[in-house]
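S.K.: A single structure is presented below for examination.
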Amino acid sequence: MKFGVATSSAAEALFSNPLRSLLTMLGIIIGVASVMVMMSIGEGAKAQIDKQISSVGTNVLTLRPGNMNRGGRNQGGGSGRPFAESDIAALTQLPFVQAATGTLSQSANAVSEEANWVSTIQGGDASYFDVNNWRVSEGREFTAQEVQSGAAVAVLGKTAAANLFPNGRAIGQRIRVNSVPIEVIGILESKGQSGGFGGDRDDTMVAPLGMVRNRITGGNRQVSRHVSGIQVLVQDGYEVLDAQEDITTLMRERRKIQPGEQDNFAVVNFADMIKQRAAATETMSMLLAFTAAVSLIVGGVGVMNIMLVSVTERTREIGLRMAIGARGGDILLQFLFEAIALCTLGGLIGMAMGWVGVFAYAQIANSPMMVSPIIIATALGAAASVGLIFGFFPARRAAQLDPIQALRHD
Amino acid sequence: MANDTIAKDRPIISCRNLSKIYKMGDEEVRALDGVDLDIAEGEFVAIMGPSGSGKSSLMNLIGALDRPTSGEMWISGRALSEMSRDDLADLRNETLGFVFQQFNLLARQDAFQNVRLPLRYARRDLGDSDARAKECLQMVGLGDRMDHRPMQLSGGQQQRVAIARALANRPRILLADEPTGALDTKTTDEIMHLMQDLNRQGITVVVITHENEVAAYAGRKIHFRDGRIESDTAHPDVQRASGARP
Ligand SMILES: Nc1ncnc2c1ncn2[C@@H]1O[C@H](COP(=O)(O)OP(=O)(O)OP(=O)(O)O)[C@@H](O)[C@H]1O
Ligand SMILES: [Mg+2]
């Protein structure tokens, strides 16, 4: 078969009636654009979720007071009786608990010599850094001794540090947090945006728990040495679900909850929650994929239709080509190329539009733009395949025409 | 090539008991009714006869565009009934050249591209196809109109482009079904002179025509009536080896 004739006559046919070509391509354009947007959103969401999970850790359990699972819906923590430091000690005794830290946080107004910044002060134990797998990039973490003695020191998140010390050199400086003088001893490595999940995690100041309670948040009337939450790092290899169950049992005991009575605390695995949300995202992109597939098929049927019209219109031309020696295969190839070219061109236009869509989505959803070569290849491949599949029938019909009947056609 | 082994005096076109019947519902139209015909290489044949007598039907069979209802045909010694669709396409490409009454040029392509088309479908190597296309256009006197589209050419010029296209693959047979039917007398003469020249160069020419002026260029006139040959006469001075059998 002669590829040269097939390609050149395909291109010629395509541009001889640009409006019709464009209308025919519409379905393909929409299909490819949605394939692109769908895949980009899916990939972007997946990347973000992976990042969130790795920033939270899959084997970290968070205890919060209050029942979080009323009616299956997450009601949010905060209410209810807080935990005590003795609870942390008891949890640490569990064999599968590698480390545990209390948490106690409050929004706080921080003042440095250079700037003012409203952020959050987070009280934690020395194991806070282990449990959260969060390391300092400069300076040092506070020690167990400093937690014990209630030292007025803090480690700043990247964002808080940048705002309080725009000129750098934060280590060793003194800041006032709600009027309490505190020394900056370290800066944490960046955890980055977590996309709606806790906002900017770098906008924080981490300080010894006891000091935060005594000097900033104040104590609790019911519970002495209270903490508002506990984070538990489960040993590697231990089933997190089992750990969740054991911790629940222990805490029910300690909080004297009768059998049959509801929990007044929750043990949450954030990685799990994120995964559940990821599943929702997946459902959404499946739906989009379905839309894309449908519009590609509709587009394909449109292409087939116009190709059949084109074969009929050009029957005489086909007859002439056969009369001067084109084989059936040559004619087949010519129309197949035409359909593929039509769809691929539609695919390219669709890709340009999809790109705009992805860019717009990235702006609105504040998520990174993800257009990988795989997405481009998939989108174009899908378009070309539609051309191949839906172009075949009309092309075969052209190839099987009888030369003399085709020549006589009017 | 098998073609070259055929002796000069053996017919390049040969038909035996050729019939073509069109079925229109219950009715049968006998367009050709048992035609026996031999045309030797190098002949210039005019086929005449009233409208509906079967001239075009015969031409389409000889041109391997259509298959007979019964009977057998040989082109260059090859029996067409034994050839596949692709074989027939190759035969049309290599051995036959067609000229139609309606020119049948591709409207969106210029003269040069139209003439080059058969070369692009050729399966054997015919050398530089661009050069050959130009050569053929020069041969028909249109060397200066290569980039003109059919719309930008006169009827006579369009038919010359069609002839150049028919010549591109160096065919041994030129088949023309009323090539001057759409042309005025002066242009008709030009086209027929061109055909005569080509015949003198050795190409076998078969022309269907209603006009005696056109038939006068031919060395042999075959009259059709009701699907049969009514008469078959030759100018004594141009008659070639008729009567030979395959
Ligand atoms: N495709 C067809 N279907 C049915 N009948 C046909 C077909 N083609 C030709 N015929 C009939 O066959 C007969 C011979 O037709 P043909 O075209 O060979 O005549 P012709 O000699 O070329 O006539 P003209 O001089 O008008 O071109 C006519 O009666 C015609 O009606
Ligand atoms: Mg006719």
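The values are calculated or read from the model by the stated rules, or taken from the named source; none is laboratory data. Keep in mind that what you see is a predicted model, and the values were worked out from it rather than measured. Every residue, glycine among them, receives a Cβ derived from its backbone with ideal geometry; neighbour counts consider all protein chains shown. The accessibility values were calculated without ligands, DNA or RNA, using every heavy atom of the protein model including side chains. Shrake-Rupley method; radii C 1.70, N 1.55, O 1.52, S 1.80 Å.
S.K.: In a Debye calculation with equal point scatterers on the alpha-carbon sites of the protein assembly as shown and no solvent, what is log10 I(q)/I(0) at q = 0.05, 0.11, 0.12 Å⁻¹?
M.R.: One equal scatterer on each Cα of the protein assembly as shown leads to -0.50, -1.06, -1.17.
S.K.: To continue, here is another question. Past 18 Å, Cα to Cα: identify those pairs from A:Lys51/A:Lys191; A:Lys46/A:Lys275; B:Lys20/B:Lys221; A:Lys158/A:Lys191; A:Lys158/A:Lys275, in the order given.
M.R.: B:Lys20/B:Lys221; A:Lys158/A:Lys275
S.K.: Give the cross-link partners of B:Lys186 among the aspartates and glutamates, using a straight C-alpha distance below 14 Å as the criterion and excluding same-chain residues fewer than 8 apart.
M.R.: B:Glu211, B:Glu213
S.K.: Taking the Cα centroid of the stretch A:339-390 and of the stretch A:230-258, what is the distance between the two, rounded to the nearest whole Å?
M.R.: 48
S.K.: Considering only protein heavy atoms and a probe of 1.4 Å, how much of the accessible area of the stretch A:81-263 is carbon and sulfur, as a whole percent?
M.R.: Result for the stretch A:81-263: 43 percent of the exposed heavy-atom area is carbon or sulfur.
S.K.: Could you name the aspartates and glutamates in cross-link range of B:Lys55, using Cα to Cα under 13 Å and dropping any fewer than eight places away on the same chain?
M.R.: Result set, ordered by chain and number: B:Asp33, B:Asp177, B:Glu178, B:Asp226, B:Glu230.
S.K.: Take the solvent-accessible surface of the protein heavy atoms, probe 1.4 Å, and return the percent of it on the stretch B:1-160 that carbon and sulfur atoms account for. Kindly include the intermediate steps, with their values, before the conclusion.
M.R.: Working: 3060 of 6930 Å².
Carbon and sulfur: 44 percent of the exposed surface of the stretch B:1-160.
S.K.: Rounding to the nearest 20 debye, state how big the charge dipole of the stretch A:81-263 is about its Cα centre with +1 on each Lys and Arg Cβ and -1 on each Asp and Glu Cβ.
M.R.: 720
S.K.: Further question on the same structure: Estimate for me the total accessible surface buried between chains A and B (protein heavy atoms, probe 1.4 Å, no ligands or nucleic acids), in Å² to the nearest 100.
M.R.: Answer for the A-B pair: about 2500 Å² buried.
S.K.: Could you tell me which residue out of A:Leu241, A:Ser119, A:Ile216 lies farthest along the dipole of the stretch A:81-263 toward its positive end? Charges go on the beta carbon: Lys and Arg +1, Asp and Glu -1, centred on the Cα centre.
M.R.: A:Ile216
S.K.: Once you charge only the Cβ atoms, +1 for Lys and Arg and -1 for Asp and Glu, what is the size of the charge dipole of chain A about its Cα centre, to the nearest 20 debye?
M.R.: Values: 33 positive and 33 negative charges, 139 e Å.
Approximately 660 debye in magnitude.
S.K.: Follow-up. Can you pull the semi-axes for chain B, root of five times each eigenvalue of the Cα gyration tensor, sorted largest first, whole Å? Walk me through the numbers before you get to the answer.
M.R.: On the way: eigenvalues 154, 85, 70 Å².
Semi-axes, largest first: 28, 21, 19 Å.
S.K.: Determine the dipole magnitude for the stretch B:1-96: charges of +1 sit on the beta-carbon of Lys and Arg, -1 on that of Asp and Glu, nothing else is charged, the reference point is the Cα centre, and the result goes in debye to the nearest 20. Numbers along the way, then the final one.
M.R.: Working: 11 positive and 17 negative charges, 28 e Å.
So the magnitude is around 140 debye.
S.K.: Counting pairs of Cα atoms in the stretch A:81-263, how many percent are more than 20 Å apart? Walk me through the intermediate numbers first.
M.R.: Values: 9271 of 16653 pairs.
Here the long-distance tail beyond 20 Å is 56 percent of all Cα pairs in the stretch A:81-263.
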